[in-house]
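Below is one structure, written out as structure tokens, with a few remarks after it.
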Amino acid sequence: MHPLQQAAKCSTCVIGKFCLPLGLTIEEAEQIDILVSQKLRLNKGEYLYHQGDPFISLYSIRFGSLKTELLLQDGRSQIIGFHLPGEILGLDGIGNNVYQSEAIALEDCEVCIVQFSEFETLCQKIPSLQRHLYQLLSREITQDHRHLLTLGSLNAEEKLAYLFIYLSERLAKRGLSSTEFNLAMGREEIGDYLGLKIETVSRILSKFSQAGIIEVKSKHLKILNIKELYRLAGSELTQPIRQ
């Protein structure tokens, strides 16, 4: 883990629009710039925080990606989320003042650190910031619901198609390609998240490739037939495709 460094200003950060509410005044933006004063780099496999650690900070991903997982009492673990640039980590610590999951770097990444006590104080001065926090919490709940639906209602092929569509849509919102991207997570991690064996993930990837739906080279994924992927996932293509 790299030492703490001075963070870039939120007001000039290219992913600031994903972390912060829209329509901030210059004065409000300056106050947030002071709030987010440090950043931290993680190497692949390093922990951002552990389940049960005291909740002190929220973390915004500047680049790279992380996974969150729950530790079970019998020693097993379950991946519950993959997190991309512009997304906030640590929200699950607000309720009981301890982090409810482990956060681990899937690749080399960098996060901005937000001290939650200072964030709460600033929310009293900037109502839109507090509303933004509620929106973030709502997205967390919605994501949990989608994950439960994926695990409980879809077959293996539908689950994998759904994951690729989910990642594709999130990348598109960031102005990135929705049809060609790197998978930071391995096949075993994909299987863990979806409740599938690694052999099943490999078999379905091969089937999708042979059918001309995707092309996989190492961890690079290219979606060749996104409409068919949406059909398999039981969803509808509702936004423009970014190549």
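With a 10 Å Cβ neighbour count serving as the proxy for reagent exposure, in which order, fewest first, do ILE204, ILE223 appear? If you can, show how the numbers build up before the last one.
Details: ILE204 21, ILE223 24.
Fewest-to-most ranking of ILE204, ILE223: ILE204, ILE223.
Can you report the principal axis dimensions of region 154-233 using only the alpha carbons, biggest first, rounded to whole angstrom?
Extents along the principal axes, in whole Å: 33, 24, 23.
At q = 0.08, 0.12, 0.14, 0.17 Å⁻¹, what is the log10 ratio I(q)/I(0) for the chain, with the Debye formula run over Cα points and no solvent?
For the requested q values the scattering log ratios are -0.32, -0.73, -0.98, -1.36.
Compute the length gained on full extension between LYS222 and LYS44: take 0.36 nm times their separation in residues and subtract their Cα-Cα distance, giving the result in nm to one decimal.
On the way: separation 178, 0.36 × 178 = 64.08 nm, distance 2.32 nm.
Value of the extension gain: 61.8 nm.
Specify the angular offset, from 0 to 90 degrees and rounded to the nearest 10, of the alpha carbon long axis of helix 26-35 from the longest principal axis of the alpha carbons in the chain.
80
Go through region 217-224 residue by residue and turn each phi into a ³J(HN,Hα) via Karplus (6.51, -1.76, 1.60, θ = phi - 60°); whole Hz please, and just put x for glycine and proline.
Rounded to whole hertz, the list is 10, 6, 9, 8, 10, 10, 8, 8.
Along its principal axes, what span do the Cα atoms of region 5-143 show, with the longest given first and each in whole Å?
50, 29, 25 Å, listed from the longest principal axis down.
Which angle between 0 and 90 degrees, to the nearest 10, do you get for helix 156-173 versus the longest principal axis of the chain when only C-alpha atoms count?
Value to nearest ten degrees: 40.
For helix 198-210, what angle does its Cα long axis make with the longest principal axis of the chain, in degrees from 0 to 90 and rounded to 10?
Once rounded, the angle reads 70 degrees.
When N counts the residues of region 107-243, how does its alpha-carbon radius of gyration compare numerically with 2.2 N^0.38 Å, as a ratio? Show your work: numbers first, answer last.
Values: Rg = 17.7 Å, N = 137, 2.2 N^0.38 = 14.3 Å.
Region 107-243 yields a ratio of 1.24.
Which residues does a label at GLU118 reach in region 38-54, if reach means a backbone N under 17 Å from a point 7 Å past the Cα toward the Cβ?
Only 38-41 fall inside the zone, counting backbone N under 17 Å.
Could you work out [θ]222 nm for the chain from helices alone, using -39500 (n - 2.57) per DSSP H run of at least four and dividing by all its residues? Round to the nearest 500 deg cm²/dmol. Don't skip to the end; give the middle numbers.
On the way: 8 runs with 98 residues, N = 243.
Computed ellipticity for the chain at 222 nm equals -12500 deg cm²/dmol.
Values quoted throughout were computed directly from the atomic coordinates according to the rules given, and no laboratory measurement underlies them. Since the model is a prediction, treat every value here as computed from it, not as a measurement. Cβ coordinates were reconstructed from backbone atoms using ideal geometry, including for glycine residues, and neighbour counts include every protein chain displayed.
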